[in-house]
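The values are calculated or read from the model by the stated rules, or taken from the named source; none is laboratory data. A quick note: this is a predicted structure, and the numbers were derived from the prediction, not measured. Every residue, glycine among them, receives a Cβ derived from its backbone with ideal geometry; neighbour counts consider all protein chains shown. All accessible areas refer to the heavy atoms of the entire protein, side chains included, with ligands and DNA or RNA removed. Shrake-Rupley method; radii C 1.70, N 1.55, O 1.52, S 1.80 Å.
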Amino acid sequence: MRQAISRLRRIRRDESGATIVEFAIILVPMVILLMGGIELGYNSYVRSVLQGSLNDAARRAAVEAPAINASGSTVEEKVENLIRGTVRKVSPNATVNVTQQSYFDFSNIGNPEKLMTDHNGNGQFDSADGDCWEDANGNGQFDTDAGKTGQGGAEDVVHYVADVSAPRLFPLHAFIPTINPTIEFELQAAVRNQPFGQQANAAVICA
């Protein structure tokens, strides 16, 4: 009996192997923090590459008959493929969608077409009142966004929006369910085309 008690006391005082147990407890949180830090750096890098590619493509496309080293039958397609190809060098499975809209000026980006006649003075376009507007995109109808698809013409402002969806570098969502398994972000750039011709004036149309 005394020997058994003595053996139990020795086991209780024995601290060999305690470090392994303690390390096992903190291992998982430490690995998650390490992966999270690397993931943040990776996300910033992909974002930086995309913004640089977007700015570069926008500047290249701003001249008349631009020389863009990318596939495509139109300038718009070449710009999008140039951006997509650059991003996929750092994130091969990334999905990149680029929209390109042209405006008469920077102040028109994201704004409705300009009202020229507002019969009831409410600051809004009313078709029933016969209001007149500046048809900036030339489609014959009043739009809440004055932009028109594509590169536009001389001295027009081209607004680029790039949406990216790419798988994360590490499966953080397996440890933290609230984290999306993909990174998603949107970047923008706006560049005025070179004055290689006369900028077209928008027609004024009345409802």
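Table: residues versus (1) of a type in the set (S, T, N, Q); (2) closer than 23 Å to Val63 by Cβ; (3) assigned to a loop (DSSP other than H, G, I, E, B); (4) open to solvent by 30 Å² or more (accessible area, probe 1.4 Å).
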position	(1), (2), (3), (4)
Asn97	yes, no, no, yes
Gln100	yes, yes, no, no
Glu113	no, no, yes, no
Met116	no, no, no, yes
His119	no, no, yes, yes
Asn122	yes, no, yes, yes
Ala146	no, no, yes, no
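Among the residues of the stretch 156-171, is any of a type in the set (Phe, Trp, Tyr), out of contact with any His (no Cβ under 7 Å at 6 or more places or on another chain) and assigned to a loop (DSSP other than H, G, I, E, B)?
Within the stretch 156-171, one or more residues are of a type in the set (Phe, Trp, Tyr), out of contact with any His (no Cβ under 7 Å at 6 or more places or on another chain) and assigned to a loop (DSSP other than H, G, I, E, B).
Please go through the stretch 62-81 and give me each residue that is of a type in the set (A, V, I, L, M) and either assigned to a loop (DSSP other than H, G, I, E, B) or open to solvent by 40 Å² or more (accessible area, probe 1.4 Å) (or both), ordered by number.
Scanning the stretch 62-81 gives Ala62, Val63, Ala65, Ala67, Ile68, Ala70, Val75.
Residues in the stretch 45-68: is at least one of a type in the set (D, E, K, R) and under 25 Å from Phe170 (Cβ atoms)?
Yes; the residues of the stretch 45-68 include at least one that is of a type in the set (D, E, K, R) and under 25 Å from Phe170 (Cβ atoms).
Does Gln188 count as open to solvent by less than 40 Å² (accessible area, probe 1.4 Å) and either in a strand (DSSP E or B) or under 30 Å from Val63 (Cα atoms) (or both)?
Answer is no for this residue.
When you check Gln194 against the structure, is it open to solvent by 60 Å² or more (accessible area, probe 1.4 Å) and either of a type in the set (Lys, Arg) or in contact with a Leu (Cβ under 9 Å, 6 or more places away or on another chain) (or both), yes or no?
No.
Go through Arg88, Arg47 for me and flag whichever is in contact (Cβ under 8 Å) with a residue 12 or more places away in the chain, on the phi < 0 side of the Ramachandran plot and open to solvent by 70 Å² or more (accessible area, probe 1.4 Å).
Just one listed residue meets the conditions, Arg47.
Out of Arg59, Arg47, Arg84, I need the residue that is assigned to a helix (DSSP H, G or I) and over 20 Å from Asp163 (Cβ atoms). Which one?
Arg59
Kindly indicate the residue of the stretch 124-142 that is of a type in the set (S, T, N, Q) and under 22 Å from Glu155 (Cα atoms) and also surrounded by the most Cβ atoms within 10 Å (Cβ to Cβ) among those meeting that condition.
Across the stretch 124-142, the extreme among qualifying residues is Asn137.
Here are some conditions: (1) modelled with pLDDT under 90; (2) in contact with a helix residue (DSSP H, G or I) (Cβ under 9 Å, 6 or more places away or on another chain). Val164 meets all but one. Which one does it not meet?
It fails just one condition, (1).
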